[in-house]
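Remarks on the structure that follows.
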Amino acid sequence: MKFPAIDLLPQRPPFQFIDTITHVTEDEIQSSFLISKQSLFLLDDTLSESALIENMAQTIAAGNSLHQQSTTKTPQIGFIGAIKKIKIQRSPAVHDLLETTVKTLHVIGDARIAEAKIFCNQIEIASAELTIFVQNKL
């Protein structure tokens, strides 16, 4: 089953860097994102490293929202707490389709530690380990 990211994230275009959640289990989330001319963080028609990191973080956040839908109706705000082991092999271009896979390594309280990989044309172009904190309502 596919889920539109706009229903799962507080970010809205042009600050949204995933289009659809394409697969979700308890420990794995997959998303897709088609890079358009309207995408932010383009330089000479290629997507910047910061946008790739945001794509990973938004994939984690959208998965969190899907897992939390039974307890809350609105997407929760998350923050990147740490980025480790980042590797960016190449920057994708306008009209490229990114497919991101995130595997949860640990959940500790409000923090989710995950390994993320971005693929373009079935070739891994970026990876990182991210720690995302979810803001609880006050």
Can you tell which of N121, N55, N64 shows the greatest fluctuation in a Gaussian network model of the chain with Cα springs below 10 Å? N121
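Would you order D96, D7 from fewest to most other beta-carbon atoms within 10 Å of each residue's own beta-carbon? Show your work: numbers first, answer last.
Working: D96 16, D7 12.
Ranked by crowding around the Cβ, least crowded first: D7, D96.
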Can you tell which of S65, S127, S50 shows the greatest fluctuation in a Gaussian network model of the chain with Cα springs below 10 Å? S50
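So which GluC sites (Glu not before Pro) in the range 1-57 pass both tests, a DSSP loop state and at most 11 other Cβ atoms within 10 Å of the Cβ? Spell out each step's value before the answer.
On the way: sites: E26, E28, E49, E54; in loops: E26.
Counting only loop positions with at most 11 other Cβ atoms within 10 Å, the GluC sites (Glu not before Pro) in the range 1-57 are E26.
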How far, in degrees from 0 to 90, does helix 49-68 lean away from the longest principal axis of the Cα atoms of the chain, to the nearest 10? 30 degrees
C-alpha center-to-center spacing [the range 50-123, the range 1-49] in angstrom: 9 Å
Full extension between K37 and I77 adds, at 0.36 nm per residue less the Cα distance, a length in nm of 11.7 nm
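Classify the chain: rounded, prolate or oblate, from the alpha-carbon gyration tensor (a ≥ b ≥ c, eigenvalue square roots; a/c under 1.5 rounded; otherwise prolate if a/b is larger than b/c)? Write out the running numbers ahead of the final one.
Values: a/c = 1.69, a/b = 1.43, b/c = 1.19.
Cα axes put the chain in the prolate bin.
Readers should treat all values here as calculations from the given coordinates under stated rules, not as data from a laboratory. In this text, all values refer to a predicted model and were calculated from it rather than measured experimentally. Positions of Cβ are backbone-derived with ideal geometry, glycine not excepted, and every protein chain shown enters the neighbour counts.
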